There are 2 protein chains.
Amino acid sequence: MAATETLTAERILEATEEVLRRYGPAKATVVDVARVLGVSHGSVYRHFRTKAALREAVTERWLEGTITELRPHAEGTGPADERLTGWLTALFALKRNKAGGDPELMATFQVLIGENSAVVDRHVEHLVDQIARILADGVREGVFAAVEGEEVVTTARAVFDATDRFHDPAHAADWSAPDIETAFAAVVALILRSLRRA
Amino acid sequence: MAATETLTAERILEATEEVLRRYGPAKATVVDVARVLGVSHGSVYRHFRTKAALREAVTERWLEGTITELRPHAEGTGPADERLTGWLTALFALKRNKAGGDPELMATFQVLIGENSAVVDRHVEHLVDQIARILADGVREGVFAAVEGEEVVTTARAVFDATDRFHDPAHAADWSAPDIETAFAAVVALILRSLRRA
DNA sequence: CCGATGACAGATTTCAATATCTGTCATTCA
DNA sequence: TGAATGACAGATATTGAAATCTGTCATCGG
């Protein structure tokens, strides 16, 4: 039956993503989303209180994808220094490929990011947590120099901040520069030299 | 004589800055600049080939100010690790205060930066040079671990990239966060731990 | 003679009328 | 009964005509 599957939040989110991809953040409307789903826009409002809430939910979905794909690197086995390198490299690659090389989609993503700083803050917290876990493991293994208590999170945050240029969408335009890989490797090397046991 | 001082490139640049401050980057026109100077806009075009060239020159002036104010920190005496800390702190402070806490002026600055990436690239090269000089001094002093030849510039670039979040105007909005000082200190500590001789 | 002028063409921006969208809700329909 | 609808008011976006701006250049005046 080509007819009515039930209208779920999930289906609305998929449709919203499609509309955002196709028309961009400025022109994507709730009416468009409803049209894609073949329902009236009133029905969309039954599932999402406002257009802003709908866009926030899409943003959350997108960011959750990154967390999920990184978890294996955070939890993997092997020396902590190698895991950290792998994790940072994977994060860079994921952010870079998020749009599959499409700069318009990247721009769309950036707009949503800018609209939903609370969601982004939670996302960053998760990422810093993953780094902190790797650091703690490294200290236990004796690969990284000891850090005390709360300081692990501060240091994890510093690692995250120091690699900002390689994961913050604000810098996406630089990610096709020819020497970006070299710059990334140099920062990672700098960080690892700092963390490793003397 | 309140009358005609000669019209110089310098006077035009000053007037352009004033117009940019007053009207912002979107509404600042060459006609406005000419009006401030009490001349016809044709006269402005005798000194700057296009509006873009005029704005580029203003951008260059603004950035040169930073370089000049940092030079003492780069050339100062004292242990290289302290000089590096001082230099990074000064850079952060300068960028933060560039607009004197005025977010509109900061936004204006960001627009000009975005329009003139070639100028910015040269600016960044100068800054990285200053870092490289401090690093080389540190190695000579025995404060920093030895690095070989070309690698000094790569490392200097890594230090610059790692502190990006604290000097790139793209992040200006974050610079009033309550824990920004802590984050900055943590990144600087991370970097210095990496550079210092074992 | 040489810098300054202002009229001009084409490009860009502004503004106000018009159309579309957001969010609500009384009503429909299964 | 509870999900879906579509008409509606106020907010936002689009559009095209009018105004302004950019960049040029023949002309002016000291």
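What follows draws every value from the coordinates through simple rules; no lab data is involved. Quick caveat, the model's predicted, so the values are computed rather than measured. Backbone-built Cβ (ideal geometry, glycine too); neighbour counts: all protein chains shown.
The table that follows gives values for the structure above.
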quantity	calculated
Simple Cβ-charge dipole of the stretch A:100-198, Lys/Arg +1 and Asp/Glu -1, about Cα centre, in debye nearest 20	460 debye
Cβ neighbours within 10 Å from other chains - mean over B:167-174	3
Interchain or long-range residues, amide H under 5 Å from A:Phe144's placed H	A:Val139, A:Arg197
Degrees separating the helix A:180-195 axis from the principal Cα axis of chain A, which is the longest one	50 degrees
Loop GluC sites (Glu not before Pro), the stretch A:1-70, which have at most 10 other Cβ atoms in a 10 Å radius of their Cβ (DSSP)	A:Glu5
Cβ neighbours within 10 Å from other chains - mean over A:176-183	1
Helix-only [θ]222 nm of chain A, DSSP H runs n ≥ 4, -39500 (n - 2.57) each, per residue, nearest 500	-24000 deg cm²/dmol
Positive-end residue of A:Ile67, A:Val33, A:Leu54, charge dipole of the stretch A:22-76 with Cβ unit charges	A:Val33
Candidates A:Glu141, A:Glu125, A:Glu104, ranked by Gaussian network fluctuation over chain A, Cα under 10 Å, top entry	A:Glu141
Helix B:9-27 vs. chain B, principal-axis angle (Cα, 0 to 90°, nearest 10)	90 degrees
Dipole magnitude (debye, nearest 20) for the protein assembly as shown, charges at Cβ of Lys, Arg, Asp, Glu	820 debye
Inter-copy separations for B:Ala9, label at 7 Å along Cα-Cβ, nm, ascending	6.1
Selection of trypsin sites (Lys or Arg not before Pro), the stretch B:1-82, meeting DSSP coil and at most 11 other Cβ within 10 Å	B:Arg49
Chain A: most fluctuating residue of A:Thr85, A:Thr77, A:Thr154 per GNM, C-alpha cutoff 10 Å	A:Thr77
Candidates B:Gly42, B:Gly86, B:Gly65: whichever shows maximal mean-square fluctuation once chain B is modelled as a Gaussian network with Cα springs under 10 Å	B:Gly42
Mean projected area (nm²) of the alpha-carbon convex hull when the stretch B:58-195 is viewed from all directions	8.0 nm²
Approximate spin-label separation A:Lys51-B:Ser176, in nm, with each point projected 7 Å along Cα-to-Cβ	2.7 nm
Peptide A:142-154, shielding by other chains (average Cβ, 10 Å cutoff)	1
Cα-based helix-to-principal-axis angle, B:80-97 vs chain B, degrees rounded to 10	30 degrees
Estimated dipole of chain B in Debye, rounded to 20 [Cβ of Lys and Arg +1, of Asp and Glu -1, Cα centre]	440 debye
Loop-located trypsin sites (Lys or Arg not before Pro) in the stretch B:134-198 whose Cβ has at most 13 other Cβ within 10 Å (DSSP)	B:Arg197
Span from the the stretch B:105-127 Cα centroid across to the the stretch A:16-66 one, whole angstrom	36 Å
Hz values of 3J(HN,Hα) by residue in the stretch A:40-48 - Karplus curve (6.51, -1.76, 1.60), Gly and Pro given as x	7, 5, x, 5, 5, 5, 6, 9, 10
Relative contact order computed over the stretch A:64-198 (Cα-Cα under 8 Å; 6+ residues apart), in percent	31 percent
Dipole of the stretch B:58-195, positive end: most advanced residue of B:Asn116, B:Ala132, B:Phe92 [Cβ charges, Cα centre]	B:Phe92
Fewest-first sequence of A:Trp87, B:Trp62 by Cβ atoms within 10 Å of each Cβ	B:Trp62, A:Trp87
Distance in nm between pseudo-label sites at A:Asp129 and A:Ser40 (7 Å out along the Cβ direction from Cα)	4.2 nm
Distance (nanometres) between label positions extended 7 Å along Cα→Cβ at B:Glu148 and A:Ala118	5.4 nm
Full-extension gain in nm, B:Arg71 to B:Glu14, via 0.36 nm per residue minus C-alpha separation	18.2 nm
